[in-house]
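The values are calculated or read from the model by the stated rules, or taken from the named source; none is laboratory data. Nothing here was measured: the structure is a model prediction, and the numbers come from that model. No Cβ is skipped: glycine too gets one built from the backbone with ideal geometry, and neighbour counts run over all protein chains shown. These area figures cover heavy atoms from the full protein model, side chains too; ligands, DNA and RNA do not enter into them. Shrake-Rupley method; radii C 1.70, N 1.55, O 1.52, S 1.80 Å.
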Amino acid sequence: MNEWKRHRLQALWALLTNSYLAGFVHGKIYRGRLKNFCVPGLNCYSCPGAAGACPIGAMQAVIGNWNFKFAFYVSGFLVFTGALIGRFVCGWLCPFGLLQDILHKIPFPRKIGSFRGDKLLRKLKYLILAVFVILLPMFAVDVLGQGAPYFCKLICPAGTLEGGIPLVLLNRSMRSALGWLYIWKNAVLLVTIILSVLIYRPFCKYICPLGAVYSVFNPISVFGYRLDRDKCIGCRTCAKVCKMQVNPVENVNHPECIRCGACKKVCPVKAIK
């Protein structure tokens with residue numbers, strides 16, 4: 001029941017941050033003042049309904065150009081949000097996280113939990129953050145010194161689902177200009193969808209640069225979990241129920257924890273608060 005309570009909040013937040021419904025009618029992106037502000041989760045700027053900017057997209061847009069004021073704003077927003085609630089954003093406020101949650105509920109004979117190389121593969125999101133979000137937009141620039149949003153352009157399946165596909169369907173002129181890049185992005189999205197049925201939140205675990213940013217703040221964020229070791233009986237029930245393969249007894253605010261609340265709910269002695 002607690003899981004569906006979380007999903008309702010995720011759905012409500014997704015609706016609020018994509019509330020420009022006229023965009024889905026006219027096939028145009030909202031460009032009003034609200035687009036100057038970032039939303040906490042991964043929410044594509046190019047989604048016809050998006051009322052705010054994605055912090056990862058915004059970061060790529062300002063790195064390497066002269067708009068230092070906005071660059072400081074985006075960096076400050078990420079630091080403030082991470083320091084306040086950490087990866088609570090991933091578990092409760094990210095629309096693409098909701099999609100992965102729902103996809104994983106589709107029945108399948110054998111779900112994949114942890115596997116050999118899983119821990120190493122989780123480092124990939126930090127590499128993607130460094131290379132595609134920071135280094136390439138900073139150094140791979142055009143003649144005017146402007147970098148491209150390489151993560152959004154080459155990888156982000158959320159952008160394909162929320163922005164690319166709706167805009168192509170709603171604009172006939174765009175369909176005539178499709179090429180290999182659009183095919184590649186849809187292939188990435190398809191693979192992500194299939195893996196989400198088999199693995200819990202594969203994009204969050206291995207790819208998402210926003211999750212990489214917030215994970216750094218998880219151990220030190222203002223709002224987090226606290227483990228009462230005097231109450232804990234070492235039953236490992238919390239570790240068994242965690243779909244992110246975190247053991248709260250070892251680290252209750254582990255960088256991979258998305259603060260879904262499952263461990264807190266099942267603890268028989270209420271040692272997690």
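For GluC sites (Glu not before Pro), the sites in the stretch 159-265 that DSSP calls loop and that have at most 16 other Cβ atoms within 10 Å are E250.
Within the P(r) computed for the chain, what percentage of the Cα pairs occupies the region above 33 Å?
Working: 8114 of 37128 pairs.
Result: 22 percent of Cα pairs exceed 33 Å.
Axis angle, to the nearest 10 degrees, between helix 68-85 and the longest C-alpha principal axis of the chain: 20 degrees. For the chain, the longest principal axis of the alpha carbon atoms and the long axis of helix 95-104 meet at an angle near 60°. Taking all protein chains into account, the per residue accessible area for the chain stands at 53 Å² (1.4 Å probe).
Place a +1 charge on the Cβ of each Lys and Arg in the stretch 149-238 and a -1 charge on the Cβ of each Asp and Glu, then give the dipole magnitude about the Cα centre in debye, rounded to the nearest 20.
80 debye
Counting protein heavy atoms only, the chain has 70 percent of its accessible area on carbon and sulfur, 1.4 angstrom probe.
When the Cα positions of A177, L227, F96 are compared along the charge dipole of the chain, L227 comes out farthest toward the positive end, with charges on each C-beta of Lys, Arg, Asp and Glu.
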